[in-house]
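Colleague: I am attaching a structure below and will ask some questions about it afterwards.
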Amino acid sequence: WTSVVELGAVIGEVIAAGHGGRWVRDREQLSTIPFVFGHENSVMVVFDKVERFFERGASEAPTALLRILEDEGEEGEVMFNLRPAGWGARSFAHCRPLIEQDHPEMPLVALVLDLPNTTRSVPSDVEDPEALEARARVNIAGIQVTIDELDLQGHAVLASHGDYYASEKLLDPDHMAELHRKHGADLLLAAVPRKGVLFTLSAMMSAEASALMMALAHGQHDDAPPNERLSPLVFLVQEGQVVGLVRFDEPEEDAIPEAAVDESDPNPPTKGFWARLFGG
């Protein structure tokens, strides 16, 4: 905690020297240490950022606060930006669920301004959000990404990557139409487990293939740095549009017909589908 306080104090003084501002009391209880840095009409939760840096490493480096200040006065293009369900700014930023289905891990689609070093959230009370969303659709369509094929236990998964907004290509109907063609399928499974990547797989396959896709999404989500995690969910895409959420209901153990159990099998299927497929 001494290190948190010392590094946070240094960051605050660097901000003050280069951009002005001062320490103020944290009346909203935004961080463990009850001071935030007031700058013009906003506050920077410096100690919270430093605490996360010590917990999570370089992905949470407090120098990001300096990059935010460097972008002050910049006007960027409006873009879609996927955010996790628990995004802290969801109450005051313009955002909506990816699809209207109730799920605790449903990612959010936010509107942001793309700046040289960072993004700036569009506030929830912005005028004419429909016009901004129309501009964001045009701008996302202009993002160029790389599409690579991955072998997922014999199933061809396509990974769209190579740009900060690669995950948001899920919201680009033209890009999704290209993926439909590459997969040769009218229905796709899609996942955006982490920032900067979009995974797709033909939905016209077996239940095992769907389960593998779900395992991929969960694994990628859990392995990503916390500030890069989006959602472990898998979505159904039809005609370039996200139309539903893929759910997997594991059969009850007593639903396995007795005749289907091979007594000579050292690993009989009594654990359920997930355990049999992934070995535990």
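The values are calculated or read from the model by the stated rules, or taken from the named source; none is laboratory data. Quick caveat: nothing in here was measured; it's all calculated off a predicted structure. Heads up, the Cβs are rebuilt from the backbone with ideal geometry, glycines too, and the neighbour counts pull from every protein chain shown. Surface areas here come from the heavy atoms of the whole protein model, side chains and all, with no ligands, DNA or RNA. Shrake-Rupley method; radii C 1.70, N 1.55, O 1.52, S 1.80 Å.
Colleague: Kindly evaluate Gly73 against the criterion of being more than 24 Å from the chain's Cα centre (by Cα), modelled with pLDDT of 85 or more, open to solvent by 40 Å² or more (accessible area, probe 1.4 Å) and closer than 19 Å to Thr118 by Cα.
Modeller: No: the conditions fail for Gly73.
Colleague: Quick check, is Val126 more than 26 Å from Leu69 (Cβ to Cβ) and not small (Gly, Ala, Ser)?
Modeller: In short, no.
Colleague: Can you name every residue in the range 99-111 that is within 11 Å of the chain's Cα centre (by Cα) and either among the aromatic types (Phe, Trp, Tyr) or over 24 Å from Glu127 (Cβ atoms) (or both)?
Modeller: Glu105, Met106, Pro107
Colleague: Same structure, new question: Which numbered condition trips up Thr32, out of (1) among the β-branched types (Val, Ile, Thr); (2) touching a residue at least 40 places away in the same chain (Cβ under 8 Å); (3) surrounded by fewer than 18 Cβ atoms within 10 Å (Cβ to Cβ)?
Modeller: Failed condition: (2).
Colleague: Show me the helices (runs of 4 or more DSSP H) found entirely inside the range 126-232 where at least 1 residues are closer than 23 Å to Gly88 by Cβ.
Modeller: Passing ranges, in order: 129-141, 207-223.
Colleague: For the range 107-118, check the following and say yes or no: at least one residue is loosely packed, with under 14 Cβ neighbours inside 10 Å, in contact (Cβ under 8 Å) with a residue 12 or more places away in the chain and farther than 27 Å from Gly184 by Cβ.
Modeller: Yes, the range 107-118 has at least one match.
Colleague: Looking for whichever is of a type in the set (A, V, I, L, M), open to solvent by 50 Å² or more (accessible area, probe 1.4 Å) and not in a loop (DSSP other than H, G, I, E, B) here; the options are Val24, Val43. Which one fits?
Modeller: Result: Val43 is the single residue among Val24, Val43 that is of a type in the set (A, V, I, L, M), open to solvent by 50 Å² or more (accessible area, probe 1.4 Å) and not in a loop (DSSP other than H, G, I, E, B).
Colleague: Let me ask you something else. Would you mind stating whether Arg83 is out of contact with any Asp or Glu (no Cβ under 7 Å at 6 or more places or on another chain), open to solvent by 40 Å² or more (accessible area, probe 1.4 Å), basic (Lys, Arg) and modelled with pLDDT of 95 or more?
Modeller: Criteria met by Arg83.
Colleague: To continue, here is another question. Looking at the range 82-105, which of its residues are free of Cβ contacts under 8 Å to residues at least 40 places away in the same chain and part of a loop (DSSP other than H, G, I, E, B)?
Modeller: Gly86, Trp87, Gly88, Ala89, Arg90, Ser91, Phe92, His94, Glu100, Asp102, Pro104
Colleague: Report the residue count in the range 138-177 for those that are among the acidic types (Asp, Glu), under 24 Å from Leu212 (Cβ atoms) and touching a residue at least 12 places away in the same chain (Cβ under 8 Å).
Modeller: The qualifying residues number 1.
Colleague: Could you please let me know if Thr146 is among the polar types (S, T, N, Q) and at pLDDT below 95?
Modeller: Judged against the criteria, Thr146 is not a match.
Colleague: If you go through the range 156-170, how many residues are open to solvent by 10 Å² or more (accessible area, probe 1.4 Å), out of contact with any Ser or Thr (no Cβ under 7 Å at 6 or more places or on another chain) and not hydroxyl-bearing (Ser, Thr, Tyr)?
Modeller: Within the range 156-170, residues that are open to solvent by 10 Å² or more (accessible area, probe 1.4 Å), out of contact with any Ser or Thr (no Cβ under 7 Å at 6 or more places or on another chain) and not hydroxyl-bearing (Ser, Thr, Tyr) number 2.
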